[in-house]
Every structure is written in C-alpha cells, then in structure tokens.
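So the structure is just underneath, and the comments pick up after that.
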Amino acid sequence: MRTVYQNGRVYTGQLPLVQAFVVENDRFVYAGTNEEAAAIAGPGSETVDLGGAFVCAGFNDSHMHLLNYGYALQVADLSRHTGSMEELLDAMRHFLAEKQFAPGQWVRGRGWNHDYFSGEHRFPTRQDLDAVSTRHPVCIVRTCGHACVVNTKALEMIGVTADTPQPEGGCFELGEDGQPNGVFRETGMELVYSKLPKPTVEELKAMLLDAQKHLNAYGVTSCQTDDFDAFATVSWQEIMEAYAQLKAEGKMTVRMYQQAQLTSVPALEEFFAAGYNTGWGDEWVKIGPLKILGDGSLGARSAYLSRDYADKPGWRGIPIYTQQQFDDLIGCAQRHGMQVAVHTIGDGILDRVLSAFKKAQAETPRADHRHGLVHCQITRPDQLADIQAMDLHVYAQPIFLDYDIHMLRDRVGDELASTSYAFRTLMDAGVWVSSGTDCPVELPRALACIQCAVTRQTLKDHLGPYRPEEAFTVQQAIDSYTIHGAHASFEEAEKGRIAPGYLADFVVLGEDLFTVEPHQIENVPVKAVYVGGRCVYQA
C-alpha cells in the first residue's frame, strides 16, 4: 500500500521545497505537489497530513562510534559534571553509591574536559581518583576518547609500574615520584582496556539497541561507525555477529556502514580472507572503509602537528603510526580495492597520510576510490590543494567548533588557526564534505552540528564566529548531513534525498531549517523519524 505525506515543507535535496511525497514499501515513489501525490498514490492509499512541518532526508552521521556510544550510556556521564575537579569527583562518588557496585567491580565514567575546570586546568591523576575509591578500580575517559585516568587500585590490577615498557603510538605518564600517575594516552589506554570485563554478544546487542534509539531521537537514520576498537577484549567477528543477530531479529533502526579499524596488515589480510571488503553487506549492515587512527586530539594535545604546540613548547603530539606503517596499511587496502578513511587532526599527521595516499595511488591506480580524511581539522593551504587534487572525501565535525573555538589559537598559534577547519573552502573546490559528531565525543545532535556549520560559533554563548568565511549555507549544511554522507558510503543512489527510488528514510521537524533563526537550529524539535517508511521515533 502507498502512503501519501501531504501539506508539508519538503526538502528533496534541491530547492524549491515541495508539498508532498509518496512512500510504497520502503521507498519513495514521488515527491512534488499535493494533487499529483494523491493521484499517484491512487484510491485506498493512506494519507498523512504533515500540517506544514519541515521534512528532509534522514540525517547520516558520517563518523561516529555507535557501540562505544551504547557503552557510554551505561557509565557515569561526566560531560554534565566537568566544571571543576571536585564536581567530577563528586559525580563519580555519587555514581558509585547509586549503582551499588560489587567489591572489586570497575567503576567507569566518560566525558570530562579539564579545559572547562574552574581553577587549575589539569588532568586528574590516580591520587585524585583515590578520593572516589580505594576498594574499586576506577577509570574515567576524557571527552575526546584519546586519554583515560585510573586510580591506584586499577593500576595494581592491571600491573602497570614504572618498569612497564612504554607502548608504541601512546604512553602512560609518570608523576614527580617516578611512578605511574594514572594517565594513559592513545595506544597506552589498551593497557587498561585489555583488563576490563568482556561483554557478551547479548550485551553488545543491548548497547547497540540503546544507542540506535538515542540516534533516532536526534533524527539520525544512518551512521558510519567505527566499532571494532570499542573493546580491547572483543573481536571484530563478535561485533559483526551482534549486528547480524539484530538485523535477523528485525531490530535495526539505524543503517550501519562500518568504518573497520584494523591495526595491522596481517589483521587486514585476515579480514579479506574472511570475505569482507568495502561494499559487503546490505542496506542495513555494510562494510565501509579501513579506518586508521592517525593521531590524537587537540584537547589532549595528542594531535600531531608539524610544529610545536603554541602552549607547550617542545611538544608536537603523538603520531600513532610511522610513515612506513601508513604506507603498508593504505597500500594493502589499495591493492585489495578497499576504501580507506584516516583520522587526521594535526597537520603533521596529515602530511604522512597524504604521502601514503599518493604512494598507494601511484603504485596501484584506482578510479573513484573515495578514500577520506576523518576530522581534517588543522590544515595548511598546500594540504587543501592536495586533498582536492587527490579527490579525497572529508568527514567533518562542525560541532567540534563548540569546544575548539575556546582553545584553538592557544594550541596551534595564529598561523595554523588561520587556515584550519576549512570545510567551505574544500566544498567550494568540489570536495565531498560530509558531517558527523564523532559520538560519543559529542552527542549525536545533528541539528546542533548543522548550527555550528552555519554560524561557526559556540552553541551556548555564541563565541566567534571563527573564520566566518568557512560557514556553510543552510542548504550546504543539510546536504553535508544527507547527500554528502551518502556519497561517502557509495550510496548516493540509495539514500540522502527524498526522490523516487530512494530509501524512505526521513525526519519531520517542527520548524523550517531554511527560515528559522540560525542560532535556534539546535532547538528545532524532532517530531518524527522514519526508516524505510517505518516510524522509529515519535515525539
């Protein structure tokens, strides 16, 4: 049976807006006028009156961590308690008391940001967390996900001492007494994560279901997600099994494109031998690019720059991989026809990644590879020219401006700050720029991300605008979250538009994004969300 949605303000992927559209089974069959929609639907069709609501294609978060978000929903949410060190510690003590943890059970939290602390802007240490508990191991993850801190009990349980070798591509810090102070960065965090309890497949499914429900409430119908590194103790095979079971049970409400993080050539070869590669799967669960984590974050000063941090002389950040390792991983993917997406925040790591892409393409030329750069934040003009020339995709997070505006110039200096977050320049040059939130680094608030892309200002106090010439128009911001996201996953003929033949994934909003005041975009209510023509969220 066909369903007519009429009397709306419908953005199909091009202007002007239309009034109505028709859905049959899980696809759009028409978009246009009320009269033609009714005629095409025919007698006996169902009619839904949109009452003037704004409708666009469902939002596609082009880089996030769905499984990690489901896990984060189970631990203490420190993003709401990050005004001071004491507020953070009080929140963890309250969480410990409220949940009634068994003796020796890990107590975990995520979301703190020392840059928001009143007073001294420093990382917590094991001594700070000992004030939460000396009986339970405690682990708290910074909002960026690139650093964690544990208490003394946790250090004892994981067996890390001053004599423990430092890991390649990361570190754990030593305090003034020469002993570990509880801070772990980048690959050093694996020393902690490898000792955490292993979730079962059923527990993984519960996390994914919870995360999908939250995404739907923000209008998200598709996500491109990096899940394979969510748990050091869980294999990618177990994660794919969890997805397979959810799909078989008909419980998927977000379409998933896996950004498969595999950290070595042997692991990648094993993945290929198991039959997986870019494009494997169906409209619900699909394999996307090889995901490579290139460096860390600006907030943790682990993003790798081409020069010293302006506020930390002698320090350039942490490169996760050497040039040779990038060459080997990207070259292997290139030979097997796999798409590649690399996390690059600092311009120093971007130099290595661009070099590796050039080498791979020279050795094994491929058309329409759709390789890409995740974040692509700190950039120089010469690098922007290379991105355009190499036809790389950019997975941007405009919502990062909400925090980064506060510290960007202090971190990288005026020269680099004047050429960075250049998303409009790239889009105007013909580069495909999709948007996302890197959730759970940020909540999957698509509308808040669109607002930051349009205003280039912070959300609450409207600081900025930072480089206003890089602001998207509203149409560009919506397209970045829909059409460009679909292009990133080779699905531009399947999703991202309200047009005949496309999957009927759409969001109904309470206000017209083209006419609402830009600083109110994040407050526009999500009224309903449909995936494949089925309502998965109703306000």
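The values are calculated or read from the model by the stated rules, or taken from the named source; none is laboratory data. Being a predicted model, the structure only gives us computed values, none of them experimental. Heads up, the Cβs are rebuilt from the backbone with ideal geometry, glycines too, and the neighbour counts pull from every protein chain shown. Accessible surface areas use protein heavy atoms only, side chains included; no ligands, DNA or RNA. Shrake-Rupley method; radii C 1.70, N 1.55, O 1.52, S 1.80 Å.
A few points about this structure:
- Computed on the chain, with alpha-carbon pairs under 8 angstrom and 6+ residues apart, the relative contact order is 17 percent.
- From most to least packed by mean Cβ count within 10 Å, the peptides 26-34, 204-212, 170-178, 480-488 give 480-488, 204-212, 26-34, 170-178.
- Considering segment 48-123 at the alpha-carbon level, its Rg and Dmax are found to be 18.4, 56 Å.
- Charging the Cβ of each Asp and Glu at -1 and of each Lys and Arg at +1, and nothing else, the dipole of segment 251-374 about its Cα centre rounds to 200 debye.
- Overall, segment 381-539 carries a charge dipole of about 480 debye about its Cα centre when +1 sits on the Cβ of Lys and Arg and -1 on the Cβ of Asp and Glu, all other atoms neutral.
- Dipole-positive endmost among VAL431, ILE378, TYR218 within the chain (Cβ charges, Cα centre): TYR218
- Counting only Cβ charges, +1 for Lys and Arg and -1 for Asp and Glu, the dipole size of the chain around its Cα centre is about 440 debye.
- Of the residues HIS94, VAL141, PHE117, the one whose Cα sits farthest towards the positive end of the charge dipole of segment 56-185 is HIS94 (charges of +1 on Lys and Arg Cβ, -1 on Asp and Glu Cβ, taken about the Cα centre).
- Given in Å, the Rg to one decimal and the Dmax to the nearest whole number for the Cα atoms of segment 120-190 are 11.3, 31.
- For ASP49, the accessible surface of its heavy atoms amounts to roughly 100 Å² (probe 1.4 Å, protein chains only, rounded to the nearest 10).
- Remark: relative contact order (segment 337-460) = 26 percent; criterion is Cα-Cα distance under 8 angstrom and separation of 6 or more residues.
- Zone residues, segment 395-420, relative to ASP461, backbone N less than 20 Å from point 7 Å out along Cα-to-Cβ: 399-413
- Within the chain, DSSP assigns beta bridges of which about 45% are antiparallel (rounded to the nearest 5).
- Taking only alpha carbon atoms, segment 283-357 gives an Rg to Rh ratio of 1.07, where Rh is the Kirkwood radius.
- Principal axis analysis of the Cα atoms in the chain yields extents of 79, 56, 50 Å, listed in decreasing size.
- A probe of 1.4 angstrom, applied to the heavy atoms of all protein chains, finds LYS213 with accessible area near 130 square angstrom.
- Pairs over the 28 Å Cα-Cα cut-off, from the set LYS205/LYS286; LYS312/LYS358; LYS99/LYS286; LYS495/LYS527; LYS153/LYS251: LYS312/LYS358; LYS99/LYS286; LYS153/LYS251.
- In this simple spin-label model, placing a label point 7 Å from the Cα along the Cα-to-Cβ direction at both ALA493 and THR200 gives a separation of 4.4 nm.
- Descending principal axes extents, segment 487-539, alpha-carbon based, whole Å: 32, 23, 18
- Extension gain for ASP311 to GLU241 (0.36 nm times residue separation, less C-alpha to C-alpha distance): 20.7 nm.
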